[in-house]
Structures are given as C-alpha cells and as structure tokens.
Amino acid sequence: MASLRRVVASHRARWSRVRVVGVTSLTCLGMTLAACGGGDSDTGTGANTGGGSGKPTETLTWAANVNCFEGLDLGTGVPGGRDLLLTYEPLIRFTPQGELEPGLATSWEVAPGNKSITLQLREDARFSDGTPVTAEAVKTWLDYRNTIAGPFDGTLGRIEKVEVLGRHEVRITLVKPNPVFPRALSPAVGSNWGYVANPKAVAKAKANPRSDVLKKESHGAGAYVLVPSETVPGDHCTYVPNRHYFDQSRIRWAKVVTKNIPDSNTVLAALKTGQVDVGEGDSSTAPAAKAADLQVVYSQGRLQGITFFDKGGRLNPALADVRVRQALNYAVDRETITRSLFGPDAQPTSNPNPTSDGDDPETRDYYPYDPERARRLLADAGYPNGFTLRMSAPGAWIGPFKTTPLAQAVAGDLAKVGVRVELSSSANITADNADLASRRFEARSAIFGTNPTWVWYPLAMQPGGYLADQHGFVDPVTQRLWEQASVATEEEAAPLWKELVNRTIEQAYFIGVLSPGMYTYFGDRVGPVDAVQDGAQSPLDWAPAEG
C-alpha cells in the first residue's frame, strides 16, 4: 500500500475552491434545483432528545427554499438538500473551510490512476435504528445507488465493483478514473453517493421502487432522524437527535424543524418575528436584514447564467454557429444585470464555472458588453434580423436565485440585437422537471455550483449531463482535455482544466452572467456563523447563542 496516496484523520485533504449546493439543492439546484410522513421509518423508539446531563434543549427552525421532501430524497439520481446533512452521515465530510475530513470513513487511500479508493470505516457508527454501519452496508448502498440513473452520476462515475475487505474496510473501483474521488464521496459536489442508507431501507426500496422509502423517511447514520408524526408534507419536517449517533457533541439542538418558505421577503418577516431562526436571503432583502440586527452571512460562489441545450443546432440551426453564440454573449450587459438583480456583492463573469480550478482571471471579462459587435456577428452568420430562441427557467418557487428575472433581463438585452426570446417559467419543481424532460427548449436560465472542473464538465458538457446539450453535442477538444486531466496528478491537471474551461468560453457554449454567492440570515438565538467557501451553510455548523 506504500504506493497509494493516503489521507488520514491527522491530514485533511484541502481544496481551495469548492462547490454549491445545495444546488441548494434545489433538488439540485435542480434546479430542481433541492417530509415526510408515514411509513416504517427508523424513528420508532430510537429517536429521543439526546442523552446525558448536557443534552440540548432548544429547537432550531430553519426556513429552506426547497420542500424538505425534495431535500430529504436519497432514492434518485438527483441530489437532495441540507435535510440529508441532518440525517445521513457522509463517508467523508466537507468542512466550511473547504477541507475533507473523516465521516463514516476514518481514512482513505486512492490508488494511482484515480480509479480505486479503499476506505477504513468507523467501528462505532450506527444507523438510527441501531444497526451497525459496516463495509457490507456500504457495499449494499453503493451497489443500489449504482443502479439509479441520474444526471449527476458523473460526480462519481459508474462503479465497476465494491469489495468488502473486512468488517470495516471497503474498496470501491470505478469504470473510469475520477481525480476527485474522495470529494465525490462527500457533500462537496452535490451528489448523494457518499450518504449511506440502512440496508433494511435499501431492501424495501428494491422490493418496491414506488414506496418512497428513501424520500419520506430517514434511514441514515446522521445526527438527527425524521419524526413523521410531527411532519406535514409540503409545509415542514421535524427532526430529533439520533441517540445512536457516534458523536453526540455535534448535536446542538433538541429539535430541528425545516419549513418550506421560498420567498425571501417572507423569510425575512418570519426572522424578524422570531418564527424562524435561519433563512436564505438575497440582495433585495440583505439591507433590511442588517438593519434588523440579524446576523447576515454572505458567501461567494456559484454561477447564474444561460446554458445552451442545443449547441449543435438540432432544434435551432443558428446555435450551431459559434459567431451566433458569441453574439449572444456580447449582447448581454452583465454589469447592469448583476447590480440591478443581485447587488454589490455579486460579481459579473463570462466564466461558466467561476472560482473553480479552471477559473482564469483573464477570461472573466471575455465578453464585454458590445451590442454593435453582436449585431455584426449575427449579420456575418446570416441572421441580420435575428431569430427566435426558446428558453426555460425555474419560476418564483426557486427562491432567492431569481432565475426567471435573470432570464427576463437577458431576454431584454438580446431583443436589442434582434433575438426574440420565448420564455417558459415553471410554477413548481414538477413543472420544471417536465420542461427539462420535454427537450423542446434550446436554452435555460440555470444555476451552477462551483465544482472542480472534472465534476462540472459531465454536468455541463457531456450528453446526459443535467445542464448539458440535450441532443448529443460533444466538443472533441474539451473531451480530450477532460480525459487527459482525469488520469493526471493535481499539478499536471491544473493547466488542462484552465485550457478546457477557456475553450468553453471562447466557443461561447454558455452565457455566463454572474457569480451571485448566497446570503443566509440568522436570528439572535443562533451563535456566530462563519462564511463558507461554497455558498451553502450546513445546519450541523449552527449552535445556540451563549447566554
């Protein structure tokens, strides 16, 4: 094993740039962007309010912009939200400082070539019904997860095999290399591979795929467990401490309630009156939140902009011409849109994956606002009178991300150079998923997490990716760069990632608009909270205020 790169508890693997999430999920930003109720969950008598003389006594109420049913969902290929952080301990944790540290795994080793990882597991971890977390349990979960097809599968890649090497030792081998293997088993990249579900729940899910056993119940080894009797679907989910959790010091609240409140003004009002303790805000409410003496935490990260679903021009031949795509980029007034919609903290950018390992400061302003140049490029490409572009956007339910207002602002700029946008804004997650599945739109107002380029590329550029071209387009140059960097060392890969991202900018495969970051507001019952590198806060990092 001497040839393996070893990461142990005393040496935390650090990445200087990190992802979203949550998208926020938003059942991944699922943008879709991501309880509860009924059934045979692990709650039973196993849930209580902690143990010992120092057990927590206070309730935390958190206003989330995604229904907790969506945020808790582990049984799909789309990652859930922060409810998963409450109930499922990941194999590898991701800290607010951007570090990887032990979770269910106490140490891990990645073999040269980036295709295999060996994990040593904790010996004291238990699922919320008391069942031990073993290598066999990890294998059961990963074998099942490997059968679920989803647009975020590329965050880890397809698994070739999972081997049980001992009661608490497991090896995972992938079909293709993954240079960010440990990170993909953490919450850092917005996937659910590293959350391990109880084998009993997996058996139920396999026996009845429509049972929603991994959506409406919690079956993890995390700090909290869902209470179905105190949960109202579509309104709120209630969690209490898991008495079997291996680290009771991380349990700081006697109860956590997640409420679905997508509107930032409603969130602010609820915080002012003490109805909630934590909520996600935006630039329009941040000044009022500060004036109300709320703790306002801003974290930079993510991209909002337009992704093209039809780069090859199957639906709209105009988009196959790089001059047209470049014209659309020059037509957008990023500075004005950024300041008017997202305020002074957001940063305009042409980069579709800002603050990542592929970020190049020299290309952040690659497309300055130049409508005259846009008109010339359109005329040179044979579209002097413009054309019609069909675009989708998540609607107001997406909360502070303002995807529809962003699309409307971009559409206004494009209209000035003759490009007419037909915009469809979805009313809810179900409608948005239908829009995505219809494959009838040529572009989309999107939210990207700030991921390592290896993770971002399959999501954004490879066929089948969540926000990639929907009609089979592949750029052979970027694909070659991605494959070369996948098997390289971190140092060797760095210039390749930058070259790859710069090519997507030069070829105008996206209209990057801005990096908005995220505002989170905290009431006076929550102690001091630090900003995080990826723009997404974790409820396990929030503690009651002293005194």
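Out of the residues in segment 191-241 that are hydroxyl-bearing (Ser, Thr, Tyr) and assigned to a strand (DSSP E or B), state the one that is farthest from ALA137 (Cα to Cα).
Of the residues in segment 191-241, the ones hydroxyl-bearing (Ser, Thr, Tyr) are 191, 195, 211, 218, 224, 229, 231, 238-239.
Now narrow it down to the ones that are assigned to a strand (DSSP E or B): 195, 224, 238-239.
Details: TYR195: 11, TYR224: 19, THR238: 26, TYR239: 24 Å.
Step by step, filter segment 191-241, then rank; the result is THR238.
Check every one of the helices (runs of 4 or more DSSP H) wholly within segment 421-529 and list those with 1 or more residues that are open to solvent by 30 Å² or more (accessible area, probe 1.4 Å).
Values: elements: 429-438, 453-460, 476-486, 490-506.
Once the helices (runs of 4 or more DSSP H) in segment 421-529 are filtered for at least 1 residues that are open to solvent by 30 Å² or more (accessible area, probe 1.4 Å), what remains is 429-438, 476-486, 490-506.
Which one is farthest from GLY386 (Cα to Cα), of the residues in segment 284-300 that are in contact with a strand residue (DSSP E or B) (Cβ under 7 Å, 6 or more places away or on another chain), not charged (D, E, K, R) and not in a strand (DSSP E or B)? Steps first, answer last, please.
At the first step, the residues of segment 284-300 found to be in contact with a strand residue (DSSP E or B) (Cβ under 7 Å, 6 or more places away or on another chain) are 286, 289-290, 294-300.
From what is left, the residues that are not charged (D, E, K, R) are 286, 289, 294-300.
With not in a strand (DSSP E or B) added as a condition, the list becomes 286, 289, 294, 300.
On the way: ALA286: 39, ALA289: 43, LEU294: 48, GLN300: 36 Å.
Looking at residues that are in contact with a strand residue (DSSP E or B) (Cβ under 7 Å, 6 or more places away or on another chain), not charged (D, E, K, R) and not in a strand (DSSP E or B), I get LEU294.
Could you list, ordered by first residue, the pairs with Cβ atoms under 8 Å in which the first is in segment 306-319 and under 12 Å from ILE511 (Cα atoms) and the second is open to solvent by less than 10 Å² (accessible area, probe 1.4 Å) and among the polar types (S, T, N, Q), at least 6 apart or interchain?
Sorted first by the residue in segment 306-319, then by its partner, the pairs are ILE306/SER445.
For segment 119-133, enumerate the residues that are open to solvent by less than 10 Å² (accessible area, probe 1.4 Å) and either more than 16 Å from GLU169 (Cα to Cα) or among the β-branched types (Val, Ile, Thr) (or both).
The answer is PHE127, SER128, VAL133.
Can you tell me which residue within segment 316-333, out of those that are within 16 Å of ARG376 (Cβ to Cβ) and not aliphatic (A, V, I, L, M), is most open to solvent (accessible area, probe 1.4 Å)?
ARG323
Quick one: ALA327 ticks every box in (1) within 17 Å of ALA446 (Cβ to Cβ); (2) in a helix (DSSP H, G or I); (3) touching a helix residue (DSSP H, G or I) at 6+ places or on another chain (Cβ under 7 Å) bar one, so which box is it?
(1)
So, of the residues in segment 334-370 that are under 23 Å from the mean Cα position of the chain (by Cα) and small (Gly, Ala, Ser), which turns out to be farthest from PHE308 (Cα to Cα)? Working first, answer last.
Keep residues of segment 334-370 that are under 23 Å from the mean Cα position of the chain (by Cα), which gives 338, 341-343, 345-360, 364.
Adding the requirement that they be small (Gly, Ala, Ser) leaves 343, 346, 350, 356, 358.
On the way: GLY343: 26, ALA346: 23, SER350: 14, SER356: 21, GLY358: 20 Å.
Going through the qualifying residues, I end up with GLY343.
Restricting to segment 357-403, and then to whatever is at pLDDT below 90 and either out of contact with any strand residue (DSSP E or B) (no Cβ under 9 Å at 6 or more places or on another chain) or farther than 30 Å from GLY281 by Cβ (or both), can you tell me which residue is surrounded by the most Cβ atoms within 10 Å (Cβ to Cβ)? Spell out how you get there, then give the answer.
From segment 357-403, those at pLDDT below 90 are 357-364, 395-402; that's our starting set.
Still in the list and also either out of contact with any strand residue (DSSP E or B) (no Cβ under 9 Å at 6 or more places or on another chain) or farther than 30 Å from GLY281 by Cβ (or both): 357-363.
On the way: ASP357: 23, GLY358: 31, ASP359: 20, ASP360: 14, PRO361: 8, GLU362: 8, THR363: 19.
Out of the qualifying residues, it is GLY358.
Being closer than 18 Å to PRO179 by Cα, of a type in the set (D, E, K, R) and not in a strand (DSSP E or B) is the requirement here; does GLU546 meet it?
Details: closer than 18 Å to PRO179 by Cα: no; of a type in the set (D, E, K, R): yes; not in a strand (DSSP E or B): yes.
So GLU546 fails the test.
Is there a residue in segment 322-333 that is touching a Phe, Trp or Tyr at 6+ places or on another chain (Cβ under 6 Å), modelled with pLDDT under 90 and of a type in the set (S, T, N, Q)? So that I can check it myself, show each step before the final result.
Going through segment 322-333, the residues touching a Phe, Trp or Tyr at 6+ places or on another chain (Cβ under 6 Å) turn out to be 329-330, 333.
Right, trim to modelled with pLDDT under 90 and you get none.
No, because not a single residue in segment 322-333 is touching a Phe, Trp or Tyr at 6+ places or on another chain (Cβ under 6 Å), modelled with pLDDT under 90 and of a type in the set (S, T, N, Q).
Are any residues in segment 371-410 part of a loop (DSSP other than H, G, I, E, B) and over 19 Å from the mean Cα position of the chain (by Cα), and if so, which ones?
Taking segment 371-410 and keeping what is part of a loop (DSSP other than H, G, I, E, B), we get 381-387, 395, 402.
If the condition is that a residue be part of a loop (DSSP other than H, G, I, E, B) and over 19 Å from the mean Cα position of the chain (by Cα), then ALA381, GLY382, TYR383, PRO384, ASN385, GLY386, PHE387 are the ones that fit.
Name every residue in segment 206-230 that is small (Gly, Ala, Ser) and open to solvent by 10 Å² or more (accessible area, probe 1.4 Å), in order of residue number.
Hits for segment 206-230 are ALA207, SER211, SER229.
Let's see how each residue does on (1) at pLDDT 95 or above; (2) under 19 Å from TRP542 (Cα atoms); (3) surrounded by fewer than 17 Cβ atoms within 10 Å (Cβ to Cβ):
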position: GLY234; (1), (2), (3): no, no, yes
position: CYS237; (1), (2), (3): no, yes, no
position: HIS244; (1), (2), (3): yes, no, no
position: SER249; (1), (2), (3): no, yes, yes
position: TRP253; (1), (2), (3): yes, yes, no
position: LYS259; (1), (2), (3): no, yes, no
position: VAL267; (1), (2), (3): no, yes, no
position: LEU271; (1), (2), (3): yes, yes, no
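Looking at segment 123-144, is at least one residue at pLDDT below 90, over 23 Å from TYR457 (Cα atoms), of a type in the set (Ser, Thr, Tyr) and in a loop (DSSP other than H, G, I, E, B)? Steps first, please.
So the first thing to find is which residues in segment 123-144 are at pLDDT below 90, and the list is none.
No; the residues of segment 123-144 include none that is at pLDDT below 90, over 23 Å from TYR457 (Cα atoms), of a type in the set (Ser, Thr, Tyr) and in a loop (DSSP other than H, G, I, E, B).
Among the residues of segment 145-185, write down those that are in a helix (DSSP H, G or I) and among the aromatic types (Phe, Trp, Tyr).
Residues of segment 145-185 in a helix (DSSP H, G or I): 145, 153-155, 181-184.
Passing the criteria: only PHE181.
When segment 242-278 is examined, which residues are found to be farther than 16 Å from GLY523 by Cβ, in contact with a strand residue (DSSP E or B) (Cβ under 7 Å, 6 or more places away or on another chain) and either part of a helix (DSSP H, G or I) or β-branched (Val, Ile, Thr) (or both)?
Residue satisfying the conditions is ILE251 alone.
The values are calculated or read from the model by the stated rules, or taken from the named source; none is laboratory data. No experiment lies behind these values; they were computed from the predicted model shown. Ideal geometry is used to build each Cβ from the backbone, glycine not excepted, and the neighbour counts take in all protein chains shown. Surface accessibility is based on the protein's heavy atoms, side chains included, excluding ligands, DNA and RNA. Shrake-Rupley method; radii C 1.70, N 1.55, O 1.52, S 1.80 Å.
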